[in-house]
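The values are calculated or read from the model by the stated rules, or taken from the named source; none is laboratory data. Everything numeric here is computed off the predicted structure, so don't read it as measured data. Glycine gets a Cβ as well: all are built from the backbone with ideal geometry, and neighbour counts include every protein chain shown. In case anyone asks, the SASA skips ligands and DNA or RNA and just uses the protein heavy atoms, side chains included. Shrake-Rupley method; radii C 1.70, N 1.55, O 1.52, S 1.80 Å.
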Amino acid sequence: VLRGRVGELPATGPAAQVRRTFAVVAALLALAVAGVNGLWAAGVDAGLSAEVVADQTAAYRLNTALTGVFALTAAAGVLLAAFPALRPRARVRTAVALGWTGGAAIAAWAAYLLVITLAGDSAPGGGDQPTQAMNLAYAGEMITGTLTLLLGAQLLAERRESRAVRPARPAAG
């Protein structure tokens with residue numbers, strides 16, 4: 001199911017339309033997540049708690065920058081799989097690897113942040129509680145990651161189904 005080129009993916013039909021719609025939503029959310037995390041990594045303190053601003057370290061900024069990079073990776077993967085005409089010669093496994101790596105990284109990190117926030121522990125970076133902007137960014141990360149992973153699963157199921165109905169090759173001889 002991971003073999004072949006994205007140009008071979010079905011471009012018509014209800015499954016392709018659903019894939020394109022959700023890919024656009026996931027990509028737009030991923031771009032927003034990447035933008036916010038990029039700004040925070042660059043030192044913009046809008047939306048951050050005073051404690052986080054005061055305690056920013058190089059590790060915090062690197063982690064925030066990587067979250068933005070993973071969001072862009074997820075966006076690239078879902079757009080590549082949903083719109084095969086963009087790069088028809090790209091490999092299916094490349095699109096899946098980009099989408100799942102980026103989506104899993106941001107979803108897992110945001111889920112971790114949600115758990116520690118709900119557990120009442122201090123927020124990452126030393127703040128007592130995340131601000132509403134930080135919570136919104138974490139929610140965007142979780143939604144983006146989840147959509148990306150679901151799109152990948154749908155794509156693989158569709159590929160498996162299309163491969164299963166192919167006629168068998170005649171024996172050489």
Do we find a residue being modelled with pLDDT of 85 or more, open to solvent by 10 Å² or more (accessible area, probe 1.4 Å), of a type outside the set (A, V, I, L, M, F, W, C) and farther than 25 Å from residue 160 by Cα anywhere in the range 9-31? no
Please find, among 86, 136, 113, the residue that is over 13 Å from the mean Cα position of the chain (by Cα) and modelled with pLDDT of 85 or more. 136
Checking residue 43 against (1) over 25 Å from residue 151 (Cβ atoms); (2) in a helix (DSSP H, G or I), which single condition isn't satisfied? (2)
Quick check: anything in the range 84-97 under 20 Å from residue 38 (Cβ atoms) and not aromatic (Phe, Trp, Tyr)? no
Counted residues in the range 149-173 being modelled with pLDDT under 75, among the hydrophobic types (A, V, I, L, M, F, W, C), under 26 Å from residue 95 (Cβ atoms) and open to solvent by 90 Å² or more (accessible area, probe 1.4 Å) come to 1
